[in-house]
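A short reminder: the numbers here are calculations on the coordinates, not readings from a lab. Only a predicted model underlies this, so the values are computations on that prediction, with no experimental measurement involved. Quick reminder, even Gly has a Cβ in these numbers, built from the backbone with ideal geometry, and neighbours come from all protein chains shown.
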Amino acid sequence: MPAIELDGVTKRFDDVTALRGVDMTVEDGDVFGFLGPNGAGKTTTIDVLLDFVRPTAGSAEVLGLDARADSEAIRERLGVLPEGYDLYDRLTGRHHIEFVGEAKRADPDPEAIADRVGLDRADLDRKVEGYSRGMAQRLALGMALVGEPDLLILDEPSSGLDPNGARLMRQIVREENERGATVFFSSHILGQVEAVCDRVAILQDGEVIAVDTVEGLREATDTGTRLVVSVAPGEAEAAADAARAVDAVESATVEGDDLVVAVDSDAKMTVLTAIEDAGIAVDDFETEEASLEDLFAAYTDEGPAPAATAGAAAATGRSSAGDDDGDGSAGADGDDPDGEDGGADR
Amino acid sequence: MSADTGGDSGGLDGALRDAFDWYPVAKKEFRDAVRSKGLWVLSFLFTALFVMPAARNWWDLRSAQQVPRRLQEFGLQVAISRPYLDIVTLLVPIVVIFAAYAAVSDERTSGSLKVLLSLPFSRRDVIVGKVAGRSAVVGVPLLAALGLTGLFFAVSPFTFKIGVFAWFVLYTVAFTLVFTAFVVSISGAMSTNLRSLAGAGIVYFYLSFGWNSLANSIGDVLANYAGMEGALRWQIVLFVKLLSPTQAYKTLTNSMLGEGAGAATTARYGMFQQGQEAMGTICGDVLGGNPQVRQTMFGNQTVCQTGGSGLPFYFSDPAVFASFLVWIGVAAAISYYTFDRVDL
């Protein structure tokens, strides 16, 4: 029995069509990524699953039950981290967890949950009013974990979290999955989805344009992070040599005064350390990740002549980064739009 | 009210949780309010509203040196019939509106409703829990204020009649809860705080100032266009009048203050101000009383005395009180019906 089954779900609001016949199946036990830019309809899809919003056409089943008729029974078994939520300012973190426990007739241990999501125990008895965005997000994630849900629905779970928090969140997703929960993970950030999901659906303008395994997705996007490092003029080549010595680096090219390194996202710091170890001072650096636009280009532009559109130019820029030095300068023209696209993500 | 500040108060808390799906919502609502200044402000406002008029009467008496016996004996009734009836029907609803108009709409606009409804609560649970929770939020300060007022009367030179005061408290709390249910229900049916506030304001205005003329116009229409004259017309008018919780509260309290057998008849009769012939019909045929014309300095006046068939059951105090409480259910049902239909 699939955990989620959407069949031709269409949702029209007064003047906009948010979903256009979404078909999607999430198998039991999957960590399923739901990827799309803001405004693609991800939250509306989740709203349909939770019966916040009633579809204009089509049907939705969650845990084998009808999302509309059996919503309450479904939500007994659900853990939800909604998007654009708000907590109760005057209540403490502990109150919130207790409230969820009462709602689900579970008996949560607030301390254990706080430890799991990285919320300071001392903050449990503070009013949520004084929480930072990241603390509130951790608490909301903790609330979603109460009662060992069969299905976790996380809408943009990493928003407001610092890199440590995002890593912890991914670890929790894996732990929950090992416990047996299905995880439905919605995000507009490619890297987030890639890092934890088994399978991925890509939503654009209210339509599912692709469903793929995460390996397929990697191939389609060529994964790499571009790390752009600024060093003193004249030291760029030496820095490139230092970078190439790092295993995870696919290529390192000098473009103008900058060093551009194509590297697996986790190894960025290793590269920077290697350059500094070679006695070269790093003035500045920034990372550019494969953007969703690139991804859509990869999935939608399967037809001929990939060079024509701006999206295709971005894709060209990406593949050149994976090539050796010689093509690097040739690809430089295509790199500028790529850089803008990728930079928009972070 | 059982949802006290203590987290796990054990038996009762657990029993309520087991019995009612909406209980956690109500409890959360109350817990939230206890931690705001709102509850204290409400207690203070209610206390000020009730104690001040009585204190002023007392103060006036101080300078008079000697308390007139009648005033001493009936001071409580006088306070209830004059300032309190108006305070409860006109000012308490305004306080309630401000305490409750955002109950649901605010959660909707802020997004906390998403948290609430991602938990296993039906939308009905949310509305019922909100009505119950906000009723406690308004009811607890109101009871505290009324308790202080009772204490005030007990130590004042006025005779404190616990029976009269207890009925007054019962009717006042019931009226306030009905109004709270109205306001919370409107909040559930509206998409924004502003609309909720406007809706509650309009309902308040109609119930307080427009209802009598509405009831009378219905009577006129029935008479002029449907040829419905006599008892039936006035029965319908009285029925419509009593549909307003404000009118119901006033006539219930007046009937209680009147004491004695004919008090309810007199109180219902007092809801009308019509010509002599109509008043006779109302007394004799609608209220089952015995109309008597008396000469006064303002001309002939019809007085309604008990006798005849007696006040019909459906216009009696218990029936009025019951219909009054039915409103809580009706308001919540309408709200649920609206709230259940919409996309969030």
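Below is a table of values for the structure above.
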{"item": "Distant-in-sequence amide H partners of A:SER251 (H built 1.01 Å from N, under 5 Å)", "result": "A:ALA262"}
{"item": "For region A:157-254, fraction of C-alpha pairs farther apart than 24 Å, in %", "result": "43 percent"}
{"item": "Relative counts (whole %) of C-alpha pair distances in region B:42-168, using bins that are 10 Å wide", "result": "11, 35, 23, 15, 10, 4, 1"}
{"item": "Cα-based radius of gyration of region B:211-320 once divided by 2.2 N^0.38 Å, which approximates compact folds", "result": "1.02"}
{"item": "For region B:147-272, convex hull of alpha carbons as volume per residue, Å³", "result": "136 Å³"}
{"item": "Sum of side-chain charges, A:GLY165 neighbourhood, beta-carbon under 11 Å (Lys, Arg +1; Asp, Glu -1)", "result": "+3"}
{"item": "Region A:63-127 - convex hull of alpha carbons, volume per residue in Å³", "result": "111 Å³"}
{"item": "Cα long-axis angle, helix B:317-341 against chain B (0 to 90 degrees, to the nearest 10)", "result": "40 degrees"}
{"item": "Total charge dipole magnitude, region B:120-221, about the Cα centre, Cβ charges on Lys, Arg, Asp, Glu only, Debye to nearest 20", "result": "260 debye"}
{"item": "Dipole of chain B, positive direction: furthest Cα of B:GLN292, B:VAL221, B:ALA200, with charges on the beta-carbon", "result": "B:ALA200"}
{"item": "Sum of side-chain charges, A:ASP23 neighbourhood, beta-carbon under 13 Å (Lys, Arg +1; Asp, Glu -1)", "result": "-3"}
{"item": "Most fluctuating residue given options B:ALA103, B:ALA223, B:ALA181, as computed from a GNM of chain B linking Cα atoms under 10 Å", "result": "B:ALA223"}
{"item": "Top positive-direction residue, dipole computed over the protein assembly as shown with Cβ charges, set B:VAL95, B:VAL164, B:SER187", "result": "B:VAL164"}
{"item": "Placed amide H near A:ILE209: partners under 5 Å, 5+ positions off or other chain", "result": "A:ILE202, A:LEU203, A:GLN204"}
{"item": "Estimated [θ] at 222 nm from DSSP helical runs (n ≥ 4, -39500 (n - 2.57)) normalised by residues in the protein assembly as shown, nearest 500", "result": "-17000 deg cm²/dmol"}
{"item": "Relative contact order of region B:211-320, pairs being alpha-carbon contacts under 8 Å that are 6 or more residues apart, as %", "result": "21 percent"}
{"item": "Relative contact order [Cα under 8 Å, 6+ residues apart], chain B, whole percent", "result": "19 percent"}
{"item": "Cβ crowding within 10 Å averaged over residues, with B:25-33, A:108-116, B:89-97 ranked highest first", "result": "B:25-33, B:89-97, A:108-116"}
{"item": "Relative contact order (percent, whole number), region A:4-219, Cα cutoff 8 Å, 6+ residue spacing", "result": "29 percent"}
{"item": "Peptide A:80-87, shielding by other chains (average Cβ, 10 Å cutoff)", "result": "5"}
{"item": "Among beta bridges that DSSP assigns inside the protein assembly as shown, antiparallel share in %, nearest 5", "result": "70 percent"}
{"item": "Nearest 10 degrees, 0 to 90: helix B:69-79 Cα axis against chain B principal axis", "result": "50 degrees"}
{"item": "Using θ = phi - 60° and Karplus 6.51 cos²θ - 1.76 cosθ + 1.60, couplings along region A:23-37 (whole Hz; Gly, Pro as x)", "result": "10, 7, 10, 10, 6, 4, x, 7, 9, 10, x, 10, 10, x, x"}
{"item": "Separation of the B:PHE313 and B:SER191 label points, Cα + 7 Å toward Cβ, nm", "result": "4.7 nm"}
{"item": "Charge dipole (debye, nearest 20) of the protein assembly as shown; +1 at Cβ of Lys and Arg, -1 at Cβ of Asp and Glu", "result": "8120 debye"}
{"item": "Principal-axis tilt of helix B:123-155 within chain B, Cα atoms, nearest 10 degrees", "result": "50 degrees"}
{"item": "Rg over Rh, two decimals, the protein assembly as shown (C-alpha only, Kirkwood Rh)", "result": "1.15"}
{"item": "Chain B, dipole about Cα centre (Lys/Arg Cβ +1, Asp/Glu Cβ -1), debye to the nearest 20", "result": "540 debye"}
{"item": "Cα gyration tensor shape of chain B, rounded if a/c is under 1.5, else prolate or oblate by comparing a/b with b/c", "result": "oblate"}
{"item": "Most positive-pole-ward Cα, B:GLY14, B:TRP58, B:VAL137, against dipole of region B:1-148 from beta carbon charges", "result": "B:TRP58"}
{"item": "Residue with peak Gaussian network fluctuation, chain B [Cα springs, cutoff 10 Å], from B:GLN274, B:GLN235, B:GLN77", "result": "B:GLN274"}
{"item": "Ratio of Rg to Rh over region B:18-95 (Cα coordinates, Kirkwood Rh, two decimals)", "result": "1.21"}
{"item": "Residue-count net charge about A:GLY58 - beta-carbon cut-off 13 Å; Lys, Arg +1, Asp, Glu -1", "result": "-1"}
{"item": "For region B:264-344, fraction of C-alpha pairs farther apart than 18 Å, in %", "result": "55 percent"}
{"item": "Unpaired by the 4.7 Å Cβ criterion, cysteines found in the protein assembly as shown", "result": "A:CYS197"}
